[in-house]
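Presented below is the structure to which this report refers.
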Amino acid sequence: KQAIKDVGRVLDFTFAETDRIAKLYPEPRQGKDFPLEQALEMEPRLRELRDSGEREGRLFDLALRLEGLLRHASKHAAGIVISNRPLTDDVPLWVDKDGAVVTQYTFNDAEAIGLIKFDFLGLKTLTLVDGIVRRIREGRGAELRVDRLPLDDARTYELLADADTVGVFQLESGGIRRLLTQLRPSCFADLVAILALYRPGPLDAKLDDGSTMVDAFIRRKHGREPIRYLHAALEPILRDTYGVIVYQEQVMQIAQALAGYSLGDADNLRRAMGKKKKEEMATERKRFLTGVRAQGTADEKLAREIFDQMETFAAYGFNKSHSAAYAVITYQTAYLKAHYRTEFMAGLLSLESGDTDSTYKNLAECRDRNIPILPPDVNESRDDFTVAGETIRFGLGAVKGVGSKAIETIIAARAEGPFTSLHDFCLRVRGQLVNRRVVEGLVKCGAFDSLERNRARLLASLDEVLRWGAARAEERSVQQIGLFGQAAGGDAPPPLATVPAWSAEEELRAEREAIGFFITGHPLDRYAQDLRKFTNATTATLRARGAAEPAGDGERNGRPDARPRVRLGGVIHTLKLRNSKRGDRYATFVLEDKEGAVEVIAWPEAYRRHEAIIQSGAPVVVAGALDVSDDRCQVIADEVAPLAAARAQAIRQVHVRVPLPALGRDGLETLRAILAAHPGPCDAFLHLERGGDDSETIVALPSALRVAATDQMVNAVERVLGAGVTSFR
């Protein structure tokens, strides 16, 4: 399959063409693809495609010649080769692009010449656990020992069974989360088994009845299939795995119990079964049957049946000690998430803050679990994410341009007392490390909101306040003392500029500019209910949709285009305009929703039709072809439409929440004038909240005050009443 993709790329096949061919390939057997020659025999559509033209025939001819050749040099993630003398005496070495010294022999060949390989794994999850425990200690005063957690905690297994495992070690992928909901682990042994079973062999290898090892395990755990042991001696060995051979150690134990193998001989059997070499397996089968006969533990027919079962399952058996060691860390992270969710997510956000996709995912998880995310604060934030009650606060380190030295300077200054204003901050925090750019970023992301909520006012006053602070600091350093012992200078702080506050959209844009993410809201918030009507995917579900969606029957540039079609909403940023080989202008941009981001390409024809919308910066709906592979996920845009326009066509009612005590009669008149200034086809309703209780009075406004469901109307209303008061039906 990989040979087809590589040759197709060289022969100028499009990605869609080679992907369509690859999808015709038969399903893997026992985790491995069939050879191309065999796949052509099994799949008539592949043969038809090969014979359909000279170009296709050349593709298959070259792929058959290349199949089986080494494609590239790779390096084991954690394998270290150890010798009692210089490695150059035994094995050729090379230096990779990262400067690491690597053996030119594979690990099997290195072992064959007498070298030993150890895997040394450095796990970032251990850093995560340490950070969570520190936050629990600092915030709750509790000293938690993760090496002494009870392994039968009900809340932890409930979390695992619900697949609530974002951030849980080894259990984050969509596939393993589906397995969790099917298997519903209820004890530590189940957790060990899940980590061993979620691999290509157990997931794909077919048993005699057509099911897989994983299917058999699940059916037996839930009592839908009886647990059978071919021999009484197998029960204590296979009890924890419901009669399914899951681990390599179980193969070794069976050989010891029934055939009298020594530990060394049993290990050789394990290796032979893992390699699946016919000659070695024939030798081991004969040896096993001889051992059973000598021990008198079973007749030959039963011994052959047991060996057949061992061979079927053990070919994909996993090392139990490895799985158990990982399961301990998996359990620890699941326990911490079940009992200390806020500290867990703060630690996860800190650990993965350098990875944009992971941060999107983690922020979405916090929103889904109703954990508020607060912007940085000059008086509260540290470098990383911190816990504030049941909320999480962004760290100062997330602000673009604010380095570690600047953060140290800010924290050292506030140790003398909290900052009381922008003036106080600029007076006490001086130096090249905390310059205008740093302070501007802090203002834009909301780090001064606790001192002054109007960010526009702070930004408009910043230059004058910085000049005042510099002058005052210079006076202090000179330490000029007047005739009567009083300090010279001492001008009063300049007043803050009087400017209107930013709209909610302007605030969000500034937050994204300063931090790279929307914090206090999202431009899609007001479209939350409408998005379901206009879209069929989110950025987080694109890969899963690409795998599950049936091929389309569209075409592009006169050629069939079988890629699935998607519609998703989002905000455009990182827009880049390019020229094609013919000189036609096209666009690439990032489309961001509340769950992540995806690259979108608008080829010349689509860009010409939608140029104004793409350039507008407003939330949009993009419809197009999903182009997804192991290393790529893109949407090729056919249509780009303003989300506001799509919503306006569908909306029939506008509802506005009005807090009466805070608004008053003058405020109501202002609101009436705003609604009258935005006439349209939608009926308007006011939800009058009296305060003091949860009661409200709903007033249907007369037809003369029907309004247009536009962003301009929403912005005008929310400048008076606050963000989030407007909804649509």
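Per the helix-only calculation at 222 nm, which mean residue ellipticity applies to the chain, given -39500 (n - 2.57) for every DSSP H run of n ≥ 4 and division by its residues, nearest 500 deg cm²/dmol?
Theoretical 222 nm ellipticity from helices: -14500 deg cm²/dmol.
Take the alpha carbon gyration tensor of region 127-323, find the square roots of its eigenvalues, order them as a ≥ b ≥ c, and report rounded if a/c is under 1.5; if not, report prolate when a/b exceeds b/c, else oblate.
Cα axes put region 127-323 in the prolate bin.
When only DSSP loop residues count, what trypsin sites (Lys or Arg not before Pro) in region 356-421 have their Cβ near at most 16 other Cβ atoms within 10 Å?
Here the sparse-neighbourhood loop sites are 369, 382, 400.
Rank-order 663-672, 238-247 by packing density, defined as the average count of other C-beta atoms within 10 Å over each peptide's residues, highest first.
Most protected by this proxy first, the peptides run 238-247, 663-672.
Between region 53-85 and region 605-628, what's the alpha-carbon centroid distance in Å?
39 Å
Using the alpha-carbon centroid of each, what span in Å lies between region 287-338 and region 165-213?
About 16 Å separates the Cα centre of region 287-338 from the one of region 165-213.
Helix 711-721 sits at what angle to the longest principal axis of the chain, using alpha carbons and giving 0 to 90 degrees rounded to 10?
Approximately 70 degrees, to the nearest ten.
Compare the peptides 37-43, 456-462, 344-350 by average per-residue count of other Cβ atoms within 10 angstrom and give them in order, highest first.
344-350, 456-462, 37-43
Just one of (1) 68, 34, 19; (2) 57, 35, 29; (3) 58, 52, 23 is semi-axes √(5λ) of the Cα gyration tensor in Å as worked out from the coordinates here. Which one is it?
(2)
Angle between the Cα long axis of helix 455-478 and the longest principal axis of the chain, 0 to 90 degrees, nearest 10?
Helix 455-478 and the main axis of the chain meet at about 80 degrees.
When ranked by the protection proxy of mean other Cβ atoms within 10 Å per residue, highest first, what sequence do the peptides 100-112, 161-173, 260-272 form?
In descending order of packing, they fall as 161-173, 260-272, 100-112.
Rounded to the nearest 20 Debye, what is the dipole magnitude of the chain about its Cα centre when Lys and Arg each give +1 and Asp and Glu each give -1 at the C-beta?
420 debye
Remind me, relative contact order of the chain in percent, using alpha carbon pairs under 8 angstrom and six or more residues apart?
Values: 1029 pairs, mean separation 50.3, N = 729.
Normalised by residue count, the contact order of the chain is 7 percent.
Between beta-carbons, use under 12 Å as the cut-off and find the net charge around residue 155, counting Lys and Arg +1, Asp and Glu -1.
Every neighbour counted, the sum reads -3.
Please tell me the relative contact order of region 375-515 in percent, rounded to the nearest whole number, where contacts are Cα pairs under 8 Å and at least six residues apart. Present the calculation step by step, with values, prior to reporting the outcome.
On the way: 179 pairs, mean separation 34.7, N = 141.
Reported as a whole number, the value is 25 percent.
HN-Hα J couplings of region 67-83 from phi, Karplus 6.51/-1.76/1.60, θ = phi - 60°, integer Hz, Gly and Pro as x?
Karplus values, whole Hz, x for Gly and Pro: 4, x, 6, 5, 8, 7, 8, 10, 10, 4, 5, 9, x, 10, 8, 10, 9.
Taking only Cα atoms, what is the 0 to 90° angle, nearest 10, from helix 278-295's long axis to the longest principal axis of the chain?
Rounded to the nearest ten degrees, it is 70.
Using Cα centres only, tell me the gap between region 361-411 and region 412-463 in whole Å.
Value for the Cα centre distance between the two parts: 16 Å.
Applying the Karplus parametrisation 6.51 cos²θ - 1.76 cosθ + 1.60 with θ = phi - 60° to the phi angles of region 373-389, what ³J(HN,Hα) value in whole Hz is obtained for each residue in order, glycine and proline being reported as x?
10, 9, x, x, 9, 5, 9, 10, 6, 9, 5, 9, 6, 10, 9, 10, x
Quick note: the coordinates plus some simple rules give every number you see, no bench work behind them. Everything numeric in this text was worked out from a predicted model, so none of it was measured. Every residue, glycine among them, receives a Cβ derived from its backbone with ideal geometry; neighbour counts consider all protein chains shown.
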